[in-house]
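Trainee: This structure is in structure tokens; I'll ask about it shortly.
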Amino acid sequence: MASTPEPISVLFVCLGNICRSTMAEGIFRSLVSKPPYQSLISIVDSCGTGAYHVGSSPDSRTMSTLQKNGITSYEHAARKIHVSDFQKFDYIFAMDRDNLHDLLRIHQRGGGKAKVMLFGEFAGKKRAEEVDDPYYGAADGFEVAYEQCMRFSKNFLKDIFPDVKA
């Protein structure tokens, strides 16, 4: 009989924690809230490398994109990354290389167990992808971010739990 893997914790990070990282968190929470993943994930959260929107709700375009895709119960208040996150979480996913660089610098100074990487490493392509910040653009940027975050989330779950049938 195969042993059940230890539950893992995942943190998604962008700059302000109101667009991309909240999109990824909402999607990931939706995927892992039901079988077969619900017992395999212990904590899912998101934050920003900047403190620009601390305490704010996700961007309305993020929320409408999630809702349009059936994710209707997501709530979040923006927060900034904390050094303790690197010990609390198993995986910390940056949405782009600039935020990855910032996270790696913090991780190097403070240590911790977290595996810090670009979320787009799970793009399913030869090259990693960045999730472009849709904040200053039109609604279609949020649709692109949704598609990427859904694809990356599914690929990550398949990669980390290869024996689990979704």
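Trainee: What chymotrypsin sites (Phe, Trp or Tyr not before Pro) does region 48-133 have in DSSP loop regions with at most 14 other beta carbons within 10 Å?
Mentor: Y52
Trainee: Rounded to whole Hz and in sequence order, give me ³J(HN,Hα) for region 139-145 from the Karplus expression 6.51 cos²θ - 1.76 cosθ + 1.60, θ = phi - 60°, writing x for Gly and Pro.
Mentor: Result, ordered by residue: 4, 5, x, 6, 5, 4, 4 Hz.
Trainee: Okay, next question. How large is ³J(HN,Hα), in whole Hz, for each residue of region 114-120 in order, when computed from phi with the Karplus curve 6.51 cos²θ - 1.76 cosθ + 1.60 and θ = phi - 60°, using x for Gly and Pro?
Mentor: 4, 8, 9, 7, 6, 4, x
Trainee: Residue-wise, which Karplus ³J(HN,Hα) couplings in Hz belong to region 72-89, taking 6.51 cos²θ - 1.76 cosθ + 1.60, θ = phi - 60°, and x for glycine or proline?
Mentor: 10, 10, 6, 9, 6, 10, 4, 8, 9, 4, 10, 4, 5, 4, 6, 9, 6, 9
Trainee: If the only charges are +1 at each Lys and Arg Cβ and -1 at each Asp and Glu Cβ, what is the size of the charge dipole of region 18-166 around the Cα centre, to the nearest 20 debye?
Mentor: Computed about the Cα centre, the dipole is about 400 debye.
Trainee: Quick one, what does Rg over Rh come out to for region 44-92 if you take C-alpha atoms and the Kirkwood Rh?
Mentor: 1.03
Trainee: Counting only heavy atoms of protein chains, what accessible area per residue, in Å², does region 78-166 have with a probe of 1.4 Å?
Mentor: I get 57 Å² per residue for this part.
Trainee: Please list S84, S153 in order of solvent-accessible area, largest first, computed with a 1.4 Å probe with all protein chains present.
Mentor: Listed by decreasing accessible area, they come as S84, S153.
Trainee: Can you match Rg and Dmax of the Cα atoms in Å to one of these, (1) 15.0, 51; (2) 19.8, 72; (3) 14.8, 43, based on a calculation from the structure here?
Mentor: (1)
Trainee: Then there's this: Check which residues have an amide H placed less than 5 Å from K115's amide H, if you skip close sequence neighbours.
Mentor: Hits under the 5 Å cutoff: Y91, I92.
Trainee: Another question, if that's okay. If I build a Gaussian network model for the chain, linking alpha-carbon pairs within less than 10 angstrom, which residue out of Q38, Q148, Q108 has the largest mean-square fluctuation?
Mentor: Highest fluctuation of the listed residues: Q108.
Trainee: A follow-up question, please. Would you please give the residues with an amide H less than 5 Å from that of I8, counting only those at least 5 places away or on a separate chain, with H modeled from the backbone geometry?
Mentor: I41, S42
Trainee: Ignoring ligands, DNA and RNA, what percent of the 1.4 Å accessible area of region 91-130 is carbon and sulfur?
Mentor: 45 percent
The values are calculated or read from the model by the stated rules, or taken from the named source; none is laboratory data. Note that this is a predicted model, so its numbers are computed, not measured. Using ideal geometry, Cβ is built from the backbone for each residue, glycine included, and neighbour counts are taken over all protein chains shown. When the accessible area is computed, the model is the full protein with side chains, heavy atoms only, and any ligands, DNA or RNA have been set aside. Shrake-Rupley method; radii C 1.70, N 1.55, O 1.52, S 1.80 Å.
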